Amino acid sequence: MDSKKVRRTFLRGVNGSLRLAILSAFIWHSAATSAAEQTPGVSDKEILLGGVFPVTGPVRFISLPYEQAVKAVFNKANANGGIHGRKIVWRVEDDAYQPARTLAGAKKLVERDGVFVVFGLVGQSGTLAVAPYLQRKKIPFFTLNSAPRPLTPYGWGTQSNYGDLSYQITHYMVQKLGLKRIGYLYQNDDLGSIGRKGVDRALKELGVKLISAVGYERGTRDFTTQVLKLRDAKVDGVVSVGIAPSVAIAIKQAGIIKFKPRWGTYGVGGSAIVRKLLGDGINGLVFASDIESLFAESADSKRAIATIRKYYPKAKPEFTMFLGYAQAQMMVHVLRAVGRDLTRKKLIAALIKMGDFKSDVMPIRYSATKHTAAGAAKIYLWKDGKAVPLTGWRKF
Amino acid sequence: MRSLLSRAKIPLLTILAMAVAILAASETNSYYLYVINLCMINAIAAVGLVILTGVAGQISLATAALLAIGSYSTAILMVHLGLGFLPAAVLGAFATTAIGTILAGPALRLTGLHVAIVTLAFGIIVVQLIGKGGTFTGGMSGMTLPPVTILGWALDSEWRRFIVILIPFALVTAGSIRFLRLKPGRALRALRERELAARTLGVNASAYKILAFAYASFLGGVSGALYASLKGYISVDDFTLWNSIYFFVMIALGGMTSIVGGIAGAFVVTAAPEFLRGFQEASQAVFGVLLFLIVVFFPGGIVTPFAGLSRLLSTRKKRAAAPGANENPPGSPSR
Amino acid sequence: MIQYVMAGLAYGSLYALLGLGLLLTLRTTNVLNFAQGELSTLLAFVCFTIAVTLGQGIGWAFIGSLIVAVIVGLTLYNVIIFPIRRRDQERLATVAISLKLAITGLIALYWGPESRIFPALFDIERIEIFGTIIVADQVWMILAGLIGMVLVGVFLRFTSLGLAMRVAAENPDLAQLLGVNLRVVGSAAWVAAALLGSVTGVLLASTLFLSPFMMGLVVLKAFTALVIGGMVSPFGVVIGGLLLGLLESFVAYTLTPLLQDSVGLLIIILVLMFRPRGLFAGQETWRA
C-alpha cells in the first residue's frame, strides 16, 4: 500500500515536472524564429547580435552604463543607414553574475535566437564559462575583459590587461613623480594579482623595492585597517587596484586620518563613483587609462557623451560607458569593413586585418596575435575637479 | 535490485522520451538539454538536502560548499594528477562526504537554528579557502577542466552529458525513496518528529545524524563533480552563499520532506530564471516576490496540489471500499 | 594603535545593534530574521530619499526613517509573521530567506543598482585629541551603539512591555496565561529590530556609501554576535559584537587585513562547536 502510493506520487511528481519541461520546450521552440540561414543572425534587413551579462545583481552598476553606451552607438549607426542596409539588433540576456547562467544565456542566444556573434560579455568568470562552448561552435565572441590566452582564436577582448596599466602608472609615479616608497593596495582576487605583476615589473625596471602590500577581500567596504597599515609603513605613494568604490573609499578614509600619499590607479581612476565619493579629495589622483576619461573635457569625450545622452538622457556617466562605446564603434567599423556579404569567417578576417582603429574614445588595435582591443594608455591627473592628461597615448 | 530498476523505469522512460522529443525537435539545440542537465544536477543535491534538512531536521545552508568541494576535487585530481573523470569524480564524491560529515560533529549537540548558522559559516569559509588556493585551485580565477571522457567515450555534446547525468539522477531518486522506506530512513524521520521518543526506543540518534550528513554530502559531491563536467570551467562565483540559499529554497518549495517535491523544486528554481528572462531588470524582484508568496501560502510546497490530487483519488477509492479510512495529513514525511 | 581599537569598537557597535535586533525577533517571535540586513538597507534608502530626493536634510530624514521603521516593523510582523507564527522554525526561516530575496530585488528595481553618496550626518570629519586623529564617523557609531544598548537594556529590564517580552520569550503559553498579548509583544520586537536596523543602515551608508547590497557581509557578523551571546543573552550579544569588532581589528593589525572577514565565521563555528550556549551562559538577563 505504502509503496504503491510512494510510486504513484513519485511518478506524478516527476512526470509533472518533466512534462512541464517538455511542454515549455515545445512552446519555446515553436515560438522561436528559424535560424536556418546561410549565416545565422544575418538576414536581409538585420544583423542579430547577442550579449550575456548581469542585468540584475550587485554588478549591474557596471553593466548598465555599458549597455546604454553600446545601444546608443548601434542606434546611431542604424539611423545612419545601418551596415550596408542592415540594422543591428542587439539582444541582451541576464546572467546575474552566475557563470552557469551565462552559459545558459549564451546557448539560448546561439541556438534559439540564432545570433551572428556573441557581443557583450562582462566579467571573467562569465567569459571563461562560455568560451569553450563558443570556441567549439566557431562563433566569434566579444568580451569587455582583456583576452587571456584561452580565448583565441574566436574570442576578442576589449580592456587592456590590468597589469599593463598598473605597470604604466607605477612607472610614472616613480620616474616622473619621484616617489620612492611605494605601497600596493589590492583587491584579493585575479584583479589584484594581475595588477601586482605590473607593479612588480615596473619597480624591478627602476630598481625600487615595494615597501608594503596590503590586501582586502572582494566586497570589503571599510578600509580603515588597510590605510592604517599603509600609513604605518610610511609610504609616499600608493598604487591602488580594486573596484571603483573600494579605490574611492580607501582614499577618503586615508584622508580622514590625514594620511595623504600620492594615489595612483588604473582605469577606475576615471570612474564617476570615485569622483562622486571623493569630491575635492580626488585632486592629486593619477591614473593610467586605456580609454579617454569621461571627465577629460576633450572634444572626443564630449562627442561620445553627447551621442549617449541623445538616446539615454538620464544615463549616469561611468567609465564602463566609454568602454562600451569604443567596443561598439569597433564592431560597427569592422562589420562595415566586411561588406554586404557577411559571414563569420569574413568577420574574423576583417578583425585580423584591422590594425589601428581610433574610436572616439579609445585607440584600438586587433591583429592575428593581439586579441585585446586596448592599444595604448594615457596618464591622467585630477586637477581642480577635471581629469587632465599628462601624457599622450603610449602604446603597450 | 530489480525492484529498484522497475521503480526507476517509468520516470527514466519519461525523461528519455522527453529528451528524444527535444532532440527530434531540433538537432543542434543544446540549450534546453543544458538547462535540463543543470536541473538534474541541482536535483541530486536537493535530494540530499531533503534527507538532511527535511527528514532529519538538520537545517543546512552549506549545500553550495558541498558542490564546491565535489567540483574542485574532481578538477584538481584531473588537472594536477591527470586522473580521468570517472575516478576523479568518485574520489571527489568521497572527499566531499568526508569533509561534509565533519559538520555532523557540531550538529550532534545543537538544535535547529544553531545548525543552520554553523552550516552557513562553514559554507562561506570553505569557499573563501578555495579562493585563496593560489595555483592549486586557480585562486579567484577558477579552473578549467580537461576534456571529459568516460571509458573512452568523450562527453563532447550536451546529449551525451545528458545521458551521463541521467543515470545518477535516476539512481539517486529511486534509491533515496527506497532509503526512506527502509530502516535508516524511518529512523531519521522518527528523529525529526520525536527525538526523545526515538531515542528511548533505541534509535541511536548520533549515528543517524551522521548518516544524514554523510548522505547529503555524498550527493552534494556527486552533484558537484557532474556540475564541473557540465560546465568545463568552475570558479568561486559558482558556489556563493546565495547558491546555498537557492538550494534551501528548492526543497522549501517542494515541501521540505518530500523527495519528489525537492526534485520539482530544483527544476523550478533552476529553470525559472530562464522563463523570467523577459522581465529583465525586474526578474530578481519578481522571482523573490513569487517565491515569498509560494512559501507563505503553500507551506507544504508546490507539490501539495499533486499530493492533494493523489489523496483525493485514493480517498474516493477507499470510500468506495471502506468508509472512515484514515489518511496522512499534507506535508508529513510520507514519501 | 588606538585607531585600530576605535575602528573595532565602531564596527563592533554596529554588529551589536544588529545582533540585538536579531535576538529580539528570534526570542520573541521565533524567527531567525535572515532579512535583517535587507531591512536595514531599505530603511537607509528611505532616509536617503527623504534627505536628497525630497530635499529635507539629514536630520528630518533620519527621524523620517525611524517613523517608517516603526511602520515597516509593525506591518512585517502583523501581516506576515503573526499569521504563520505557529509553524516550525524551518518554515519561518524559509519565509525570512525569501523576504531577503524579495526585498533586495525590489530595492534594486526601484532605486537602481548604482552606489550613491549618502549625506554625512554631521559636518565633522575627524577629531584631534592630543595629536591622535579620531575618525568622527566611528565616534557616532560608538555613541549610537551605546545609546542603543542602553535603551534596549532599560526597555527590557524596567518597562512592563519589556518584561512581557522576556516572559513571552521564555514561555509563550505561560505568558498568554498571564495575560500577555503576544501580538503586542511580537510587534514591539519587530519594531525594535526595524529601528535598530534603521540606525545601523544610516550609519553605515553615511560612512561608506549607499548601495542595495551594502549589508551583505555585515549581517553575517551580526550572526556572530548573536551566537556569542548564545542566542539568548542581550548582554552577550552586545559584548559579542564589540568583541568581534576588536578581534577583526586585531587580526588586521597583527596579521593581515585579508583575514578580517573570516574571523567572524570562524568564531561562529568554534563557539557552536564548543560552547553552543554562548560565552555568557550565566548572564541571561531574560531571567532577571
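Readers should treat all values here as calculations from the given coordinates under stated rules, not as data from a laboratory. Since this is a predicted model, take the numbers as computed values, not measurements. We place every Cβ from the backbone using ideal geometry, glycine too, and count neighbours over all the protein chains shown.
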Rounded to one decimal in nm, the spacing of the 7 Å Cα→Cβ label points at B:ARG109 and A:TYR311 is 6.3
Please label the shape of the stretch B:212-277 as rounded, prolate or oblate, based on the square roots a ≥ b ≥ c of the eigenvalues of the alpha-carbon gyration tensor (a/c under 1.5 means rounded; beyond that, a/b larger than b/c means prolate, else oblate).
oblate
Does the protein assembly as shown classify as rounded, prolate or oblate by the C-alpha gyration tensor (a ≥ b ≥ c root eigenvalues; a/c under 1.5 gives rounded; else a/b over b/c gives prolate, otherwise oblate)?
oblate
Could you tell me which of rounded, prolate or oblate describes the stretch A:162-289, using a ≥ b ≥ c as the square roots of the eigenvalues of the alpha-carbon gyration tensor, with rounded for a/c under 1.5 and, failing that, prolate when a/b is larger than b/c and oblate otherwise?
rounded
Sorted peptide list for B:223-232, A:57-66, criterion being average Cβ within 10 angstrom, highest first
B:223-232, A:57-66
Separation of the B:TRP153 and C:ASN171 label points, Cα + 7 Å toward Cβ, nm
6.5
Hey, if you drop one equal point scatterer on each alpha-carbon of chain C and run the Debye formula without solvent, what base-10 log of I(q)/I(0) do you get at q = 0.14, 0.15, 0.16 Å⁻¹?
-1.02, -1.17, -1.32
Ranked highest first by average number of other Cβ atoms within 10 Å, how do A:43-51, A:263-271, A:343-351 line up?
A:263-271, A:43-51, A:343-351
Could you put C:MET1, B:MET250 in order, starting from the residue whose Cβ has the fewest other Cβ atoms within 10 Å?
C:MET1, B:MET250
Going by average Cβ density within 10 Å per residue, which order do the peptides B:100-112, B:51-63 take, highest to lowest?
B:51-63, B:100-112
For peptide C:268-277, what's the mean number of Cβ atoms from other chains within 10 Å of each residue's Cβ?
5
Most fluctuating residue of A:GLY284, A:GLY157, A:GLY324 in a GNM of chain A with Cα springs under 10 Å: which is it?
A:GLY284
Using a 10 Å cut-off on Cβ to Cβ distances, tally the other chain neighbours for every residue of B:39-46 and report the average as a whole number.
1
Counted neighbours (other Cβ, 10 Å), sorted fewest up, put A:HIS333, A:HIS84 in the order A:HIS84, A:HIS333
For A:225-232, mean number of other protein chain Cβ atoms within 10 Å
5
Can you tell me the 0 to 90 degree angle between the C-alpha axis of helix A:190-206 and the longest principal axis of chain A, rounded to 10?
40
Convert each backbone phi in the stretch A:269-281 into a coupling constant with the Karplus relation 6.51 cos²θ - 1.76 cosθ + 1.60 (shift: θ = phi - 60°), then list the ³J(HN,Hα) values in order as whole Hz, x for Gly and Pro.
x, x, 7, 5, 4, 4, 5, 4, 5, 9, x, 6, x
Chain lengthening between A:ILE352 and A:PHE396 when straightened (0.36 nm per residue, less Cα-Cα)
14.0 nm
Mind checking which aspartates and glutamates have their Cα closer than 15 Å to the Cα of A:LYS310? Skip sequence neighbours fewer than 8 apart in that chain.
A:GLU67
Take the residue pairs A:LYS358/A:LYS386; A:LYS234/A:LYS386; A:LYS316/C:LYS100; A:LYS107/B:LYS231 and return only those whose Cα atoms are more than 19 Å apart.
A:LYS358/A:LYS386; A:LYS234/A:LYS386; A:LYS316/C:LYS100
